[in-house]
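The values are calculated or read from the model by the stated rules, or taken from the named source; none is laboratory data. Computed from a predicted model, the values in this text were never measured in an experiment. Counting neighbours? That spans all protein chains shown, and the Cβs are built from the backbone with ideal geometry, glycine included.
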There are 2 protein chains.
Amino acid sequence: MGRTQPHPEVSQVGLQSVLEAMVDPVRRSIVTQLDAAGEDLTCGSFDIPVSKSTATHHFKVLREAGLIRQYYVGTSRMNALRRGEMDETFPGLLDALTTREA
Amino acid sequence: MGRTQPHPEVSQVGLQSVLEAMVDPVRRSIVTQLDAAGEDLTCGSFDIPVSKSTATHHFKVLREAGLIRQYYVGTSRMNALRRGEMDETFPGLLDALTTREA
């Protein structure tokens, strides 16, 4: 199973935390790319204009806000969009935030 | 007609500006109260835990993000939610942000 980090229950995450995560354009881009891909992606496969350490921070914020689930496959850290859970708790929010980039 | 401030075209406002406006819980509460009221409200009629001058700042941010339209009736500044325009440009966003307070 490998290393895992704590993930909150989406139902326990407040809208405030989700918005604070999604107000950042890089984080919103990560979620939009993950949504468009339709599959889990490694951290390295995103097209984002930031350093690796900054990217790691952004993934952590998204994970703690309940937006993504992270897990390891070998040495690769994978990212999964928690769309079903998000849609259940915040109906329509991800659709509204991922349909446009800017 | 009285004094009026500049209002942007909602179609020219980016999602980034809307999210920066709506990430603030007081501003989100103003929009939620305006939406629930279903009518235009004076600045003084909102239940928000901030000073008058801070409230004025929040209304200004909302106006500049295209979320509300402000106009005067006598000496009262009225606030109107630009729901139709917002829904047209950002489908589902206001619904997702006003259905819950926290």
Among residues belonging to the range A:25-46 that are within 12 Å of the chain's Cα centre (by Cα) and within 14 Å of chain B (Cβ to nearest Cβ), point out the one that is surrounded by the fewest Cβ atoms within 10 Å (Cβ to Cβ). A:Val26
Could you please give the count of residues in the range B:78-102 that are modelled with pLDDT under 95 and under 14 Å from the mean Cα position of the chain (by Cα)? 1
Name every residue in the range B:7-44 that is assigned to a loop (DSSP other than H, G, I, E, B), free of Cβ contacts under 8 Å to residues at least 12 places away in the same chain and of a type outside the set (A, V, I, L, M), in order of residue number. B:Gly14, B:Gly38, B:Glu39
Test result for B:Thr75, modelled with pLDDT under 95 and under 14 Å from the mean Cα position of the chain (by Cα): no
Selected residue [within 11 Å of chain B (Cβ to nearest Cβ) and either small (Gly, Ala, Ser) or surrounded by fewer than 18 Cβ atoms within 10 Å (Cβ to Cβ) (or both)] from A:Pro49, A:Pro8, A:Pro91: A:Pro91
Only one of B:Val18, B:Val26 is under 29 Å from A:Arg28 (Cα atoms) and in contact with a helix residue (DSSP H, G or I) (Cβ under 6 Å, 6 or more places away or on another chain), namely B:Val26
Can you find a residue in the range A:63-74 that is touching a residue at least 24 places away in the same chain (Cβ under 8 Å), exposed (fewer than 15 other Cβ atoms within 10 Å of the Cβ) and part of a helix (DSSP H, G or I)? no
Just checking, does the range B:30-52 include any residue being at pLDDT 95 or above, out of contact with any His (no Cβ under 6 Å at 6 or more places or on another chain) and under 25 Å from A:Val26 (Cβ atoms)? no
